[in-house]
Amino acid sequence: MEVSFDVEEHDGVPVLAVAGEIDVYTAPRLRERLLDVAHAGTSTVVVDLTEVSFVDSTGLGVLVSGLKRFREAGGDLLLVVTQPQIMKVLEITGLTTVFSIYDTVAAAVAK
Amino acid sequence: MSEEVELSLPAKPELLSLARLTVAAIASRADFDYEEIEDLRLAIDELCSHLVGHQGRPGQLRLRYQWGDGALEVSCLLDGGAPGGLSGRAEPDEGELSDRILDALVDEHGHDSEDAGHRAWLRKRRRGATH
């Protein structure tokens with residue numbers, strides 16, 4: 001399984017829904033999609049990882065770089081995570097204290 | 001270590017999923033539980049991603065999976081070398097994140113360079129294994 005992306009607006013906030021596996025092969029596509037959203041002029045993005053079954057350090061590195069870019073622009077990059085294995089990777093890398101993480105898109109968009 | 005499987009694949013990022021699939025199948029045979037199998041899939045990916053890099057390398061990635069006595073060891077050798085070394089992380093935080101993941105998920109891991117090429121390895125004991 002590779003990876004797919006879908007961008008939809010929820011209450012004016014772009015939500016980038018990712019499905020599949022994010023590894024050294026697919027992470028560059030995630031980086032491109034985040035840049036597309038940033039270049040569209042939005043300050044905050046929600047990245048929905050609900051359908052992501054695997055993420056490694058290359059995927060996390062892309063998300064951290066995206067987070068820095070959006071925060072420097074006065075916004076934020078919010079995560080939606082429900083898969084225990086994805087949450088575990090965020091925990092062991094210490095990133096649960098770096099990202100704002102929600103269990104639904106609605107909760108993230110409401111922030 | 002009583003059983004062994006070897007896998008050789010071109011050192012291309014799009015083929016690393018094969019290394020993950022293989023370790024999942026072997027870990028299941030070796031009675032690792034679901035969470036441990038997921039840990040091993042990620043750990044193998046971290047080992048191999050560093051060797052293969054974002055652009056891939058010339059040559060083959062040779063993986064040796066050995067298991068027995070409640071433990072699994074995997075060695076990944078990049079033969080054909082990596083001209084200019086193994087640097088080339090796409091994002092500044094990747095290396096540190098990868099080290100944290102490996103430290104948390106396996107009992108031992110390391111890497112070295114030898115005449116045949118760059119090598120990375122890991123060892124994980126099954127939960128509850130007595131040896």
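The values are calculated or read from the model by the stated rules, or taken from the named source; none is laboratory data. Since the model is a prediction, treat every value here as computed from it, not as a measurement. Every residue, glycine among them, receives a Cβ derived from its backbone with ideal geometry; neighbour counts consider all protein chains shown.
Does the stretch A:59-67 include one or more residues that are of a type in the set (A, V, I, L, M, F, W, C), farther than 23 Å from B:Glu14 by Cα, without any contact (Cβ under 8 Å) to a residue 40 or more places away in the chain and touching a Phe, Trp or Tyr at 6+ places or on another chain (Cβ under 9 Å)? Even if it seems obvious, please write down each step before you answer.
To start, the set of residues in the stretch A:59-67 that are of a type in the set (A, V, I, L, M, F, W, C) comprises A:60, A:62-64, A:67.
Filter once more, so that each one left must be farther than 23 Å from B:Glu14 by Cα: A:67.
Remaining after also requiring without any contact (Cβ under 8 Å) to a residue 40 or more places away in the chain: A:67.
With the extra rule that they be touching a Phe, Trp or Tyr at 6+ places or on another chain (Cβ under 9 Å), the set shrinks to A:67.
Checked against the condition, which is being of a type in the set (A, V, I, L, M, F, W, C), farther than 23 Å from B:Glu14 by Cα, without any contact (Cβ under 8 Å) to a residue 40 or more places away in the chain and touching a Phe, Trp or Tyr at 6+ places or on another chain (Cβ under 9 Å), the stretch A:59-67 yields at least one hit.
For A:Arg29, state whether it is of a type in the set (D, E, K, R) and over 16 Å from A:Leu79 (Cα atoms). Full working, then the answer.
Details: of a type in the set (D, E, K, R): yes; over 16 Å from A:Leu79 (Cα atoms): yes.
It is true that A:Arg29 is of a type in the set (D, E, K, R) and over 16 Å from A:Leu79 (Cα atoms).
Which one is surrounded by the most Cβ atoms within 10 Å (Cβ to Cβ) among residues in the stretch A:12-39 that are among the charged types (D, E, K, R) and closer than 22 Å to B:Ser49 by Cα?
Let us first name the residues in the stretch A:12-39 that are among the charged types (D, E, K, R), namely A:21, A:23, A:29, A:31-33, A:36.
Retained after the next criterion (residues that are closer than 22 Å to B:Ser49 by Cα): A:21, A:23, A:29, A:31-33.
Numbers: A:Glu21: 22, A:Asp23: 25, A:Arg29: 16, A:Arg31: 19, A:Glu32: 12, A:Arg33: 20.
So, considering only residues that are among the charged types (D, E, K, R) and closer than 22 Å to B:Ser49 by Cα, the one surrounded by the most Cβ atoms within 10 Å (Cβ to Cβ) is A:Asp23.
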Residue in the stretch A:3-11 that is of a type in the set (Asp, Glu), closer than 23 Å to B:Gly53 by Cβ and within 13 Å of the chain's Cα centre (by Cα) present: no
Meets criteria (more than 10 Å from chain A (Cβ to nearest Cβ), out of contact with any Ser or Thr (no Cβ under 6 Å at 6 or more places or on another chain), closer than 21 Å to A:Thr93 by Cβ and modelled with pLDDT under 95) for B:His50: no
Unique residue being within 14 Å of chain B (Cβ to nearest Cβ), in contact with a strand residue (DSSP E or B) (Cβ under 9 Å, 6 or more places away or on another chain) and buried (at least 16 other Cβ atoms within 10 Å of the Cβ) when the list is A:Leu79, A:Leu63: A:Leu63
Filter result (within 14 Å of chain A (Cβ to nearest Cβ) and buried (at least 19 other Cβ atoms within 10 Å of the Cβ)) within the stretch B:54-65: B:Arg57, B:Leu61
Single match in A:Arg31, A:Arg69 (criterion: within 10 Å of another protein chain (Cβ to nearest Cβ) and over 30 Å from B:Glu36 (Cβ atoms)): A:Arg31
Number of the exception - A:Gly75 against (1) under 30 Å from B:Lys12 (Cβ atoms); (2) out of contact with any Lys or Arg (no Cβ under 8 Å at 6 or more places or on another chain): (1)
Complete set of residues in the stretch B:1-43 that are at the interface with chain A (Cβ under 10 Å from one of its Cβ atoms), in contact (Cβ under 8 Å) with a residue 40 or more places away in the chain and buried (at least 20 other Cβ atoms within 10 Å of the Cβ): B:Pro13, B:Asp39, B:Leu42, B:Ala43
Qualifying residue in the stretch A:40-59 (condition: exposed (fewer than 15 other Cβ atoms within 10 Å of the Cβ), within 14 Å of chain B (Cβ to nearest Cβ), hydrophobic (A, V, I, L, M, F, W, C) and at negative phi): no
Pairs with Cβ under 6 Å, 6+ apart, first in the stretch A:85-103 and more than 18 Å from B:Glu96 (Cα to Cα), second among the charged types (D, E, K, R) and in a helix (DSSP H, G or I): A:Gln85/B:Glu38
